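Take a look at the structure set out below.
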Amino acid sequence: MNPIPRLLEAPRCVWPAAAALGEGTLWSQREQALYWVDILERRLHRFEPAGKGRTSWQFDEDISALAERAQAPGLIVTLRRGFALFDPARADATPRYLHQPEAERVDNRFNDGKCDAAGRFWGGSMDVACKAPTGALYRFDPDGRCSRHDDGFAVTNGPTWSLDGKTMYFNDTVRGRIHAYDFDAVAGTLSNKRPWLRFARGDGLPDGMTTDAAGRIWIAHWGGACVSCHDPVSAAELCRIPLPTRHITDCAFGGPGLRTLYITSATRGLTPAQREAEPEAGGLFAVSLDVDGLPAALFGG
């Protein structure tokens, strides 16, 4: 089993954005900045820790996940209907759709996503009402090909990968389950789907997640007010980071040495009394750890 990580400080709110649905954490190594989104308010945010700079872009539709491009400036993002390009450095920046794979699933939207080490973007869709099992997992390749690799989810989150790249982890959020798949890194295919972790009652639901440089899996708890860290094989919990608000949505390592865990949260679903009791709900949090993260993989296009 992996050693237990240690927090070097308590989590602090670095951007009290009151996001309706914060998500999409991405640390840019080349910009030394953190990108994240507010899906429901249709905003992309950029936070520069060194100067505490904050920049935001407003979109005409939901934006939910993103990755930097390897061969050109800008980002690949998932909008409500699928995969698009967006360059925040352009003064006239507007997103340009590349592919919309779910024209027939009109009550769906895209949610979480990440690139694998080969530069392919994996994005999941979900039912907007979080009820019908109409969400699926897609792989979008740098050459524009798109393929569906799993189906039947009400809400999808993740993915993340094992340190050796041979296992993909992916969340069936509404059912409180995280699945593991054998991952063929060359072909970009999945097999041997199996249960890896089921959240206990009272722990909330599994949301976004990431992998650290020791291979441990860090998972945001929607409704659970924490991020937990797990052994990648046994799924045993190694530690958890308590947060001052219940709906924790995503996490990513960033900062110098990738030793800061950035964590997003949401105000969606909170009652007025809960909002009053949780004034930092919807904020972006940061916590320093004695572990290293991994750089985010770049999209190959």
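Just a few scattered comments:
- Across the range 15-41, the number of residues qualifying as in a loop (DSSP other than H, G, I, E, B) and among the hydrophobic types (A, V, I, L, M, F, W, C) comes to 7.
- Candidates Arg30, Arg69, Arg81, filtered to the one that is over 19 Å from Gly283 (Cβ atoms) and touching a residue at least 60 places away in the same chain (Cβ under 8 Å): Arg69
- The set of residues from the range 106-118 being surrounded by 14 or more Cβ atoms within 10 Å (Cβ to Cβ) and more than 25 Å from Ala220 (Cβ to Cβ) comprises just one member, Ala118.
- When Thr260 is tested against (1) within 18 Å of Arg216 (Cα to Cα); (2) buried (at least 24 other Cβ atoms within 10 Å of the Cβ), just one condition goes unmet, and that condition is (2).
- Flag if Lys131 is out of contact with any Cys (no Cβ under 7 Å at 6 or more places or on another chain) and assigned to a loop (DSSP other than H, G, I, E, B): yes
- In summary, strands (runs of 3 or more DSSP E) completely within the range 136-252 and bearing 1 or more residues that are at pLDDT 95 or above and of a type in the set (Asp, Glu) occur at 146-153, 167-172, 177-184, 205-211, 237-242.
A quick yes/no check of all residues on (1) within 21 Å of Cys115 (Cα to Cα); (2) aliphatic (A, V, I, L, M):
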{"position": "Arg175", "(1), (2)": "no, no"}
{"position": "Ala187", "(1), (2)": "yes, yes"}
{"position": "Gly208", "(1), (2)": "yes, no"}
{"position": "Trp218", "(1), (2)": "yes, no"}
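- Filter result for the condition that a residue is of a type outside the set (Lys, Arg), buried (at least 18 other Cβ atoms within 10 Å of the Cβ) and at positive phi, over Gly144, Gly152, Gly158: Gly158
- Flag if Thr260 is out of contact with any Asp or Glu (no Cβ under 6 Å at 6 or more places or on another chain), within 24 Å of Gln29 (Cβ to Cβ) and polar (S, T, N, Q): yes
- Number of the exception - Cys229 against (1) buried (at least 20 other Cβ atoms within 10 Å of the Cβ); (2) closer than 24 Å to Phe110 by Cβ; (3) not basic (Lys, Arg): (2)
- Qualifying residue in the range 58-66 (condition: under 26 Å from Pro256 (Cβ atoms), in contact (Cβ under 8 Å) with a residue 12 or more places away in the chain and touching a strand residue (DSSP E or B) at 6+ places or on another chain (Cβ under 9 Å)): yes
- Picking from residues in the range 161-187 that are within 15 Å of Asn111 (Cα to Cα) and not aliphatic (A, V, I, L, M), the one that is surrounded by the fewest Cβ atoms within 10 Å (Cβ to Cβ) is Asp172.
The values are calculated or read from the model by the stated rules, or taken from the named source; none is laboratory data. Keep in mind the model is a prediction, meaning the values are calculated, not measured. Positions of Cβ are generated from backbone atoms using ideal geometry, with glycine treated the same way; all protein chains shown enter the neighbour counts.
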